[in-house]
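The values are calculated or read from the model by the stated rules, or taken from the named source; none is laboratory data. Values in this document were obtained by computation on a predicted structure and should not be read as measured data. FYI the Cβ positions are ideal-geometry reconstructions off the backbone, even for glycines, and counts take in every protein chain you see. Surface accessibility is based on the protein's heavy atoms, side chains included, excluding ligands, DNA and RNA. Shrake-Rupley method; radii C 1.70, N 1.55, O 1.52, S 1.80 Å.
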Amino acid sequence: VKVYTIVWLQLLFTSFFVGLCKLSHDVSDFLLGEWGMGIMFISFNLWICLSVLFVCFTEYLKQYPYNWIFVITYTLLLSYFIGFISIQNSTQVILLSGGSTLFLFSGLTLYAWQTKIDYTTKGNYLLISLLGLLTLGVINIFLQGQFLHTLYPLIGATLFSLYIVYDTQLLLGSGREMKYTPDDFAIVSISLYLDIVNLFIFILDLVGVR
């Protein structure tokens, strides 16, 4: 319950910021201005640094106050990034992508809860697939082919759907080979939040093009 409460608060804040970006011309103009772009550059690099720390120093994420500092900072950085993306898409596309993401997340959570297939042992396969997705993303930047541009977000959405099932089963535990402990609430909250945000971005790419 604690983890899902944190995740919903993260999503609520992100949704509020996206709404502010779409409704306020002052905010959207700032994001597209020199200062806004500068903050975007800094935020993106901070996000990369935090992601490295997230992987390498998980023990600190189990300790107070580092866990809360990390959760709040990660949420702020990603919310700014999503807000920046949102002003480049129509409100209709944002709502459609958000609704689709919410529907998929709910369905995948129910599936992860009731399925007898243990996805907690598939972490290595998911990691390899993620590295492959990153490589495909780099290729997509240079080739800019229509087929590859459609295939890339489709594969990305599928991969992060599997990550949602994986992280959900780690959270639920219950008969699974691997599971999170109560001290891992920051880790699993960020993981699920990141899964949902990435799923939203790839769906957004599919239905509207960033």
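Given R₀ = 35 Å, what would the calculated FRET efficiency be for residue 25 paired with residue 207, taking r from the Cβ atoms and rounding to 0.05?
Working: r = 24 Å, r/R0 = 0.70.
With a Förster radius of 35 Å, E is 0.90.
Nothing charged except the Cβ atoms of Lys and Arg (+1) and of Asp and Glu (-1): what's the magnitude of the dipole of the chain about its Cα centre? Round to the nearest 20 debye.
On the way: 8 positive and 11 negative charges, 73 e Å.
For this selection, approximately 360 debye.
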Whole-percent carbon and sulfur contribution to the accessible surface of the chain (1.4 Å, no ligands, DNA or RNA) stands at 72 percent
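How big is the convex hull of the Cα atoms of the range 1-56, per residue, in Å³? Mind showing how you got there, number by number?
Details: hull volume 4.2 nm³, N = 56.
Given the Cα convex hull of the range 1-56, per-residue volume reads 75 Å³.
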Using a Förster distance of 41 Å, the FRET efficiency for residue 12-residue 148 (Cβ separation, nearest 0.05): 0.75
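In units of 2.2 N^0.38 Å, what is the alpha-carbon radius of gyration of the range 59-169?
Working: Rg = 16.7 Å, N = 111, 2.2 N^0.38 = 13.2 Å.
Dividing the Cα radius of gyration by 2.2 N^0.38 Å gives 1.27.
Going through the DSSP H helices of the chain, which span 20 Å or more along their own axis at the Cα atoms while scoring at least 0.5 as a mean Kyte-Doolittle hydropathy? Walk me through the numbers on the way to the answer.
On the way: long enough: 2-23 (31 Å, 1.40); 34-56 (33 Å, 1.71); 66-86 (29 Å, 1.44); 91-114 (35 Å, 1.00); 123-143 (30 Å, 1.90); 146-172 (40 Å, 1.06); 185-207 (33 Å, 2.21).
Taking the DSSP H segments of the chain (at least 20 Å long, mean hydropathy at least 0.5), we get 2-23, 34-56, 66-86, 91-114, 123-143, 146-172, 185-207.
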Show me the three semi-axes of the equivalent ellipsoid for the range 88-149, from the C-alpha gyration tensor (sqrt of 5 times each eigenvalue), largest first, rounded to whole Å. 27, 23, 7
Treating each Cα of the chain as an identical point scatterer and ignoring solvent, apply the Debye formula and state log10 I(q)/I(0) at q = 0.11, 0.16 Å⁻¹. -0.55, -1.21
Per-residue SASA entry for residue 167, accessible area with 1.4 Å probe, Å² rounded to 10: 10 Å²
Can you give me the C-alpha center-to-center distance between the range 77-110 and the range 1-23, rounded to a whole angstrom? 11 Å
Contour minus Cα-Cα distance for residue 134 and residue 91 (0.36 nm per residue): 12.7 nm
Probe 1.4 Å, heavy atoms of protein chains only: per residue, the accessible area of the chain in Å² is 57 Å²
Work from the charge dipole of the chain (Cβ charges, +1 for Lys and Arg, -1 for Asp and Glu, about the Cα centre) and give the residue of 105, 69, 131 farthest towards its positive end. 105
